[in-house]
1. Of everything in region 166-192, what is crowded, with 19+ Cβ neighbours inside 10 Å, in a helix (DSSP H, G or I) and of a type in the set (Ser, Thr, Tyr)? Give them in sequence order.
2. Would you mind stating whether residue 17 is at pLDDT below 95 and at negative phi?
3. Which is buried (at least 19 other Cβ atoms within 10 Å of the Cβ) and either outside any loop (DSSP other than H, G, I, E, B) or charged (D, E, K, R) (or both), of 159, 149, 100, 163?
4. Between 129, 203, which is outside any loop (DSSP other than H, G, I, E, B) and among the basic types (Lys, Arg)?
5. Name the one entry in 82, 28, 93, 97 that is modelled with pLDDT of 95 or more, among the basic types (Lys, Arg) and in contact with a helix residue (DSSP H, G or I) (Cβ under 8 Å, 6 or more places away or on another chain).
6. Mind checking which residues of region 103-128 are touching a Lys or Arg at 6+ places or on another chain (Cβ under 9 Å), surrounded by fewer than 14 Cβ atoms within 10 Å (Cβ to Cβ) and farther than 30 Å from residue 177 by Cα?
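The values are calculated or read from the model by the stated rules, or taken from the named source; none is laboratory data. The shown structure was predicted, so the numbers you read here are calculated from the model rather than taken from an experiment. Cβ placement follows ideal geometry from the backbone for every residue including glycine, while neighbour counts extend to all protein chains displayed.
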Amino acid sequence: MQPTTVYPVQFSVDYPDRALNRLTTAFRIVVVIPIAIVLGAVSGGTWQWTSGGRTSEVAAGAGGLLVLAPLLMILFRRKYPRWWFDWNLELQRFANRVGVYLALMDDRYPSTDDQQSVHLDYPYPDAERELNRWLPLVKWFLAIPHFIVLIFLEIATIVVVVVAWFAILFTGRYPRGIFDFVEGVIRWHNRVTAYAIVLVTDRYPPFSLSA
């Protein structure tokens, strides 16, 4: 039997085997706002507000994940500039730290640069040898089954995080089964993003929550 190859996109969160901060957990939706604004500013965001019957809007950001530019470079030059790769990976890592904090999986405030308890990694691709130049044109289409499944998984994630919120408030602990499920959904999301959005691998993502 041949050994099962490991999918190139690896994601994990260290389980907090300790009492979590109940106060910041109780008000997590409020406490997360400052770092969420920072993430929005880096990712590219639009804010709207209404006052006196008038709606105002402000947009700010650094552009978010690079998608079209890598697609064009792979298509026409068979190249993936390293600094574009590094930008996408670091932005995904930052977004994951904020997401994990919002999902109550860690009570340490998200860092803009340190990994903390959240680990996301995938190798820099040799675009000429490892990436099909035409596949980026259809990856979004091929990933549609994943997008559909993820919609339902993310709805389920919201429900179980609410359950975890109550569990932490009463016991100080994050139920391990719920933790593993939420970690798996985020892992699945990261693999689909790496395949269909940031285009760093041509290996089709598995329909799996496991590592």
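1. Passing the criteria: none in range.
2. Values: at pLDDT below 95: yes; at negative phi: yes.
For residue 17, the condition - at pLDDT below 95 and at negative phi - is met.
3. Working: 159 fails: buried (at least 19 other Cβ atoms within 10 Å of the Cβ); 149 fails: buried (at least 19 other Cβ atoms within 10 Å of the Cβ); 163 fails: buried (at least 19 other Cβ atoms within 10 Å of the Cβ).
Exactly one of 159, 149, 100, 163 is buried (at least 19 other Cβ atoms within 10 Å of the Cβ) and either outside any loop (DSSP other than H, G, I, E, B) or charged (D, E, K, R) (or both), namely 100.
4. Values: 203 fails: outside any loop (DSSP other than H, G, I, E, B).
Result of the check over 129, 203: 129.
5. On the way: 82 fails: in contact with a helix residue (DSSP H, G or I) (Cβ under 8 Å, 6 or more places away or on another chain); 93 fails: in contact with a helix residue (DSSP H, G or I) (Cβ under 8 Å, 6 or more places away or on another chain); 97 fails: in contact with a helix residue (DSSP H, G or I) (Cβ under 8 Å, 6 or more places away or on another chain).
The unique qualifying residue is 28.
6. 124, 128, listed by residue number.
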